[in-house]
Number of protein chains: 2
Amino acid sequence: MAIEPLTVETEEKKKDGEKKTVLTIPRHNVPPVWAADKQFNLVGKPQPRVEGVEKVTGQAQYTTDVRRTGQLYGAVLRSPHPHAKVISIDTSKAEALNGVHAIISRNDAFDIKWYQEKLPLFDEKVRFVGDEVAAVAAESEEIAEDALRLIAVEYEVLPFVTDMTEALAEDAPAIHADGNTVEEESNERGDFAAGWNSADHQLTRTYTTQAAIHNPLEPHATTAHWQGDELLIYESTQGIFTVRSEIAEAVGLPQNQVHVIKQHMGGGFGAKQIAWKQTVFAALLSKKTGRPVQVALDREGETLAGGNRNPTRQTVRLGINQDGTLTAIGVEVLVTAGAYSTAGEASNISGLFEHLYKCENVKTTTMRVYTNAGPAVAFRAPGYAEACFALECAMDELAHELGIDPLELREINYTKRDQKQDKPWSAPDGLRHCYERIDEAFGWRSRKKPAVHGSKRRGFGLAAHEWQAGSGQPPAYAWVKINTDGSVDVVTGTQDIGTGSRTILAQLAAETLGIGMNNVRVQLGDTAMGPHAPTSSGSYTTPTMAPAVRAAAIDARDQLLEAAAMLIETEPENLVIKDGKIYEAGDEASGVKLSEVTGRLAPHMIQGHGAYHALPSDTSIRTFSAQSAEVEVDTLTGEVTVLRVVSAPDCGRILNPLAAESQVIGGVTQGLGFALTEARILDHRIGIVLNADLEEYKVPTVADMPTITHAEVNVPDLNANTTGTKGLGELPLIPTAPAIANAIYDAIGVRLTDLPITRQRIVEALEEKNG
Amino acid sequence: MAIEPLTVETEEKKKDGEKKTVLTIPRHNVPPVWAADKQFNLVGKPQPRVEGVEKVTGQAQYTTDVRRTGQLYGAVLRSPHPHAKVISIDTSKAEALNGVHAIISRNDAFDIKWYQEKLPLFDEKVRFVGDEVAAVAAESEEIAEDALRLIAVEYEVLPFVTDMTEALAEDAPAIHADGNTVEEESNERGDFAAGWNSADHQLTRTYTTQAAIHNPLEPHATTAHWQGDELLIYESTQGIFTVRSEIAEAVGLPQNQVHVIKQHMGGGFGAKQIAWKQTVFAALLSKKTGRPVQVALDREGETLAGGNRNPTRQTVRLGINQDGTLTAIGVEVLVTAGAYSTAGEASNISGLFEHLYKCENVKTTTMRVYTNAGPAVAFRAPGYAEACFALECAMDELAHELGIDPLELREINYTKRDQKQDKPWSAPDGLRHCYERIDEAFGWRSRKKPAVHGSKRRGFGLAAHEWQAGSGQPPAYAWVKINTDGSVDVVTGTQDIGTGSRTILAQLAAETLGIGMNNVRVQLGDTAMGPHAPTSSGSYTTPTMAPAVRAAAIDARDQLLEAAAMLIETEPENLVIKDGKIYEAGDEASGVKLSEVTGRLAPHMIQGHGAYHALPSDTSIRTFSAQSAEVEVDTLTGEVTVLRVVSAPDCGRILNPLAAESQVIGGVTQGLGFALTEARILDHRIGIVLNADLEEYKVPTVADMPTITHAEVNVPDLNANTTGTKGLGELPLIPTAPAIANAIYDAIGVRLTDLPITRQRIVEALEEKNG
């Protein structure tokens, strides 16, 4: 394995409107890329979760399971008003309650800036129902809740606006000092107007998508313990290093005095990429009391203040010729950040319009506004799930209008290039493979509706997309320790957010070292000792960490073989490791056990180091997926039964088909909820969320689930990284809503352009159509 | 920094009488050795402990401070007999006690082998008063203690022997199946008999040293939590990786499923190098109960079963010519391991006789026997403290006999070579520097007794030695993370046993990176994520870890300078880092802050890797010290007041004079206790220890302490490793007892050859002398 020369790469990055030079220093061993036809022992085979037993037997510790001596419990007082000025806060009665240890509010002069607006943690205004006004630490959650009721807050109620269109009006209440615009962006490639005007057909259609709530089963939670000059934080987070840097900055500690730990997580889905206010509340309450403090959001807090998928209104304009070639793609997006811009809300809605189809003339405009609602935050494929609904429903409408099969229409407009970056896709046929697999596994081209049965109608729908999760988000590092008994620890700074990262990384190390899965433990989720790893988001974790772990395992293996070669009296390059045994190729009987070699090396313990830095690429590393759905719609009740969904994502090489299938099932499930049932219901007249609970907010249950098939593409992307694998997590969710919407149209002949497609909306649309 | 080619070194090592090939693979970057006259910002300056505030404010968590949810507390039932067969154990009444959760004893068929004899954890025989018979886990320590009294044990009492000379007798009770001999070893260099016979003068003298108890303020303690297939252990230990491997083997888990943590420690002094029975008791009780279990020894358990310095009887024979040149050195050593050979008792008594003085004819024989007493274990400079008392008292006697000044006599017999390994010392003038510093700082050659005052007599004494703690005990590894805010984490797998390792390693990293001490945190004491480091013993920690941390910091610094060079637009080699600022040499104004560079690199976090493997050396890397004492002896009462001690240890470059002085003060204090007051008093008629507590076992108090001066030698040993530093911890204890004994002789004219030199022994010796 050669040491690559040190090179320095510069990159221009826009932040706060300012150009900034970003330096990165790739400095690592680069192992050869796995060949496309490489044969594996463990990789590519279904491997159950290494932490599965621990989880199903209830032994896995989550953040709210942490119990430290003297631990206190927090509760958060939230604004009952969508917009108000905080005149005064009287905490004296609450402080007098037996068992209450500390209260923080505006009365405390904490000079802590929060969210991207750099407002105080407790501002002079509250901006949504649920906005944080105070936090209490007490002996129990119950006492803390009781204390909240004893805090007297005097508000000056202000006019408010929760509808994003109304927020744009000139006389709308100003939510922030600079007004209600968060950002406005416009991009054009080619000449949209020319393309539009030259088109044989023009389609203009407006779509809306709703605020969906992430609803991880484990809510946001922190257990903080400020001891001396060090702050220990157990956090349910997708990014331990992000929480570390954000909290360090907020509370004024260096990063190395903040120690963030996360071992297991009950879901994040993008809502746990940042440090939220409960994190800093727990830290400050711990500092004030000198005791560990646990603050977990209840389901109401989670719904109101724990993030949501940003509602959108998208006006799509597609120009198309009679032969099906697109001449113009346009979209005007209105989207709301809610009351605050959190730094976790990045929602790339225009990207899909710019990338998916071959088209010379593309124009996108995006307007992001504030409203008096809970802050939006990235939700599994942020922007793309919303955009895919609009673009892919519009494409479906064109297909029907032109009498071209929807799959055919997509093939007509197929592109092998990233038209925005003007370079080829790393996998130019990636999406084509997805289409092929859909056709095979779903039987798209041979689909046939059954005979009509009473009020029920069958339909088929299709949607596709590309997505960014290609090369990962390096740099990342890994260390592989081969212990003296031959057991192996893989040390990284990543986190397993419930997606199976431990399992995949154990597979890679075990494969490389020629040992069994159960010989490897993956140590992660700890900022103190772990090397840097990025936040687990954007489906980045596998393509980021897998190459780093592989490189570290190779470095360890090379050292192991050097030692084994001495014992066997041969050259290292003649040796093979398999099933924990090392032997000369072709002479298995001559071998020694791996543990014999490491035992002889004792007390030396082999340490392998690996890194993964993305190097400049002449391809655009992207992922793709296509999805098709068969639905049955009851035209009397509006009930939609999704019968089957086939998802064909191209994530390069599939490292673990079982983990991949879990992602597909989970993604389609969330997509189905987004399509049909899930929506935060905010009464715009009073600014209050009416369903901040899991009874009225309708997450799909097992009874709602169709048969879900993962139609594996599994073509290694040799341009992506040395393992040929790319991200998967977000892909299966993105096209579900448009596939279902298109199937509903196919079933009942009406276009539903507003999500979720509730029974009421179907019935109303059918009534309108039928007069 | 060049990458050294991979080389493989083989070494013959004797273990269990068998030759074994030990493989080591040095594979690391070797930075240049620090020049002898290198100027430093932080190294060599007194730096207070980085964890000092945490400790003195009571925030530092020790093993017995660990509190986990549902934690149980253990107690250990110990044998009241020095030797007995366990006929039966009835735990039924104890089990019925409210609050008792589990009991383990011989009744449980644990197939666990323990100590080097590979006997069962609970054997059919007990072999000393205090031997472990059962262990209980209960809701509280009090309940556990109560439960012990309800366990009925039927013993068949056996004849016993606690005196090591008696243990050699043919009819002595056999303590182990193979008899009472642990090992017998004899070595001769040259021709002892010829040298002895040719000598002008011959001295034969027998010395005895006592069983001293380590008495760390924090006793041995374990908190174990067996969860699923993983065992978490908080342990008060000098060697987290040793505890991991020993416990893993004992309980049948792979090493990577045993996670050992140690953050702070209240002393070990050699008694905590291994996993003791309480460690495995806690693990097994946790497995049985499913709850965390804490087992800490009380002071009685600590004294009886937590290890002791092996008592010795040494018959020294020195042949010397009239001019002071030694012609023969001989010693016959009888030493007892106590009842068990623990693997931690290595006590090199003969080594000093073989190494210290230039002599062609050296013969040593060592006989180690079992007795029915608590197991011996390494105690700060094991063997050498005992040997130094014998050899250096004998040399003093010869000096007086020949009328040669004791310092002069030592210079006459000075050697620059390791005569056993037949190669030069790494620091040929090391011990000579010690003598020079003693002469300067104590005023040895100008010493003068004051006028006699009543019954009190003054005297001066001197002693010297060499010691093994030279190159450390590699391999060792370190990782240096420069965080995006410029703060730094040093990650190692070592432990700070209270000696200041955190501080020294922080100094090295800060020095190399040109930042302040408070910008660095040292992460250690955790086997899961930390890279391999050896047990902290043999004064090895600094010379082992310092080169590894330095190498890692250099690797990190190189990456940092690459990035900074881009910003400053120069070449890295032109750059200087100082006080957290990076600039072109000579142009400080042009500089950028380190944190600006790392901030621009974000999310990249710099990871430096470093290792230290000892390479074959053509020198023998050893340390040396000399020590002198002034005492006042009251001839009426026998009371000895040590007035001042000057210690001049050669540990190469002194990295932190404050930490070094602490070691000197601590070492002299323990040496003074060994000389005058400390002894386990075992009544050989009944086999019982009479002073298993800190009231009757006399550790020196502040009232007993002399003025202690660290006469720094501080000459970097450029052969030792790239930092020029060697170990220090054990040096200041080794010569204290003979220096005091020689001073007592100088004061009152009688030779005391048995330790401790109590008032009673002085009075008796004076009575005998005066008739």
Exercise. For segment A:604-618, name all the residues that are in contact with an Asp or Glu (Cβ under 6 Å, 6 or more places away or on another chain) and open to solvent by 40 Å² or more (accessible area, probe 1.4 Å).
Key: none
Self-check item: segment A:437-447, subset farther than 16 Å from A:Leu409 by Cβ and not polar (S, T, N, Q), residue nearest to the chain's Cα centre (by Cα)
Solution: A:Arg437
Self-check item: Pairs, first within 30 Å of A:Gly270 (Cα to Cα) in segment A:481-497, second charged (D, E, K, R) and part of a loop (DSSP other than H, G, I, E, B), C-beta under 6 Å, six or more apart
Solution: A:Gln495/A:Lys262
Exercise. Considering each of B:Asp526, B:Asp558 in turn, give the residue that is within 9 Å of chain A (Cβ to nearest Cβ) and at pLDDT 95 or above.
Key: B:Asp526
Self-check item: Residue that is nearest to the other protein chains (Cβ to nearest Cβ), among those in segment A:442-493 that are farther than 30 Å from A:Thr709 by Cβ and of a type in the set (Phe, Trp, Tyr)
Solution: A:Tyr477
Quiz item: Just to be sure, is A:Ala174 in contact (Cβ under 8 Å) with a residue 12 or more places away in the chain and either assigned to a loop (DSSP other than H, G, I, E, B) or within 14 Å of another protein chain (Cβ to nearest Cβ) (or both)?
Solution: no
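Could you grab me the full set of residues in segment A:561-571 that are more than 7 Å from every other protein chain (Cβ to nearest Cβ), assigned to a helix (DSSP H, G or I), open to solvent by 10 Å² or more (accessible area, probe 1.4 Å) and out of contact with any Phe, Trp or Tyr (no Cβ under 8 Å at 6 or more places or on another chain)? Full working, then the answer.
Let us first name the residues in segment A:561-571 that are more than 7 Å from every other protein chain (Cβ to nearest Cβ), namely A:561, A:564-565, A:567-571.
From what's left, assigned to a helix (DSSP H, G or I): A:561, A:564-565, A:567-568.
With the extra rule that they be open to solvent by 10 Å² or more (accessible area, probe 1.4 Å), the set shrinks to A:561, A:567-568.
Answer for segment A:561-571, where residues must be more than 7 Å from every other protein chain (Cβ to nearest Cβ), assigned to a helix (DSSP H, G or I), open to solvent by 10 Å² or more (accessible area, probe 1.4 Å) and out of contact with any Phe, Trp or Tyr (no Cβ under 8 Å at 6 or more places or on another chain): A:Leu561, A:Leu567.
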Practice problem: Would you be able to tell me the number of residues in segment A:335-382 that are over 28 Å from A:Arg417 (Cα atoms), open to solvent by less than 10 Å² (accessible area, probe 1.4 Å) and of a type in the set (A, V, I, L, M)? | Solution: 7
Quiz prompt | Verdict on B:Thr535 being at pLDDT 90 or above and more than 13 Å from chain A (Cβ to nearest Cβ) | solution = no
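For segment A:626-641, give me the residue count where each residue is open to solvent by 10 Å² or more (accessible area, probe 1.4 Å) and either among the β-branched types (Val, Ile, Thr) or in contact with a strand residue (DSSP E or B) (Cβ under 8 Å, 6 or more places away or on another chain) (or both).
Count: 8.
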Self-check item: Filtered residues of segment B:643-661 (kept if open to solvent by less than 10 Å² (accessible area, probe 1.4 Å), in contact with a Pro (Cβ under 7 Å, 6 or more places away or on another chain) and more than 16 Å from B:Gly472 (Cα to Cα))
Solution: B:Val645, B:Ser647, B:Pro649, B:Asn656
Self-check item: Answer residue from segment A:42-78, given it is closer than 21 Å to A:Glu142 by Cα and among the β-branched types (Val, Ile, Thr) and is farthest from the other protein chains (Cβ to nearest Cβ) among those
Solution: A:Val76
Quiz item: A:Tyr540 versus (1) within 12 Å of another protein chain (Cβ to nearest Cβ); (2) touching a strand residue (DSSP E or B) at 6+ places or on another chain (Cβ under 8 Å); (3) modelled with pLDDT under 95: which is the lone unmet condition?
Solution: (2)
Quiz item: In segment B:409-422, what residues are not charged (D, E, K, R) and not in a helix (DSSP H, G or I)?
Solution: B:Asn413, B:Tyr414, B:Thr415, B:Gln419, B:Gln421
Quiz item: Here are some conditions: (1) open to solvent by 10 Å² or more (accessible area, probe 1.4 Å); (2) modelled with pLDDT of 95 or more; (3) more than 9 Å from chain B (Cβ to nearest Cβ). A:Arg521 meets all but one. Which one does it not meet?
Solution: (3)
Quiz item: In segment A:442-454, is there at least one residue being crowded, with 18+ Cβ neighbours inside 10 Å, modelled with pLDDT of 95 or more, farther than 27 Å from A:Asp717 by Cα and among the hydrophobic types (A, V, I, L, M, F, W, C)?
Solution: no
Quiz item: Residue check, B:Tyr697 against (1) within 26 Å of B:Val646 (Cβ to Cβ); (2) part of a loop (DSSP other than H, G, I, E, B), all met but one. Which one?
Solution: (1)
Practice problem: Being farther than 13 Å from A:Lys277 by Cα and touching a strand residue (DSSP E or B) at 6+ places or on another chain (Cβ under 7 Å) is the filter; apply it to segment A:111-135 and report the residue that is most open to solvent (accessible area, probe 1.4 Å). | Solution: A:Glu124
Practice problem: Quickly run through segment A:287-328 and pick out the residues that are among the β-branched types (Val, Ile, Thr) and under 30 Å from A:Arg68 (Cα atoms). | Solution: A:Thr289, A:Val293, A:Val295, A:Thr303
Quiz item: Restricting to strands (runs of 3 or more DSSP E) lying wholly in segment A:581-639: which have 1 or more residues that are within 30 Å of A:Ile708 (Cα to Cα) and modelled with pLDDT of 95 or more?
Solution: A:623-634
Practice problem: Sort through B:Gly671, B:Gly727, B:Gly687 and tell me the only one that's touching a residue at least 12 places away in the same chain (Cβ under 8 Å), in contact with a Cys (Cβ under 7 Å, 6 or more places away or on another chain) and of a type outside the set (A, V, I, L, M). | Solution: B:Gly727
Exercise. Test B:Glu332 against the criterion of being charged (D, E, K, R), at pLDDT below 95 and open to solvent by 10 Å² or more (accessible area, probe 1.4 Å), and give yes or no.
Key: no
Quiz prompt | Where A:His81 falls short, out of the listed (1) part of a loop (DSSP other than H, G, I, E, B); (2) within 30 Å of A:Ser341 (Cβ to Cβ); (3) touching a Ser or Thr at 6+ places or on another chain (Cβ under 6 Å) | solution = (3)
Quiz item: Which of the residues belonging to segment A:688-722 are modelled with pLDDT of 95 or more, touching a helix residue (DSSP H, G or I) at 6+ places or on another chain (Cβ under 9 Å), open to solvent by less than 30 Å² (accessible area, probe 1.4 Å) and not small (Gly, Ala, Ser)?
Solution: A:Val689, A:Asn691, A:Tyr697, A:Pro700, A:Pro706, A:Ile708, A:His710, A:Val713, A:Asp717
Self-check item: Criterion (modelled with pLDDT of 95 or more and at positive phi) met by exactly one of B:Gly58, B:Gly74, B:Gly99
Solution: B:Gly99
Exercise. Would you check if there is a residue in segment A:144-163 being open to solvent by less than 70 Å² (accessible area, probe 1.4 Å), farther than 23 Å from A:Arg680 by Cα and among the β-branched types (Val, Ile, Thr)?
Key: yes
Practice problem: Examine segment A:727-745 for a residue that is crowded, with 23+ Cβ neighbours inside 10 Å, among the small types (Gly, Ala, Ser) and assigned to a loop (DSSP other than H, G, I, E, B), and state whether such a residue exists. | Solution: yes
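The values are calculated or read from the model by the stated rules, or taken from the named source; none is laboratory data. As the structure is a prediction and not an experimental result, all values here were calculated from the model. When we count neighbours, we look across all protein chains shown, and the Cβ atoms used for this are built from the backbone with ideal geometry, even at glycine. The protein model used for the area step is the full one, side chains on, heavy atoms only, and it has no ligands, DNA or RNA in it. Shrake-Rupley method; radii C 1.70, N 1.55, O 1.52, S 1.80 Å.
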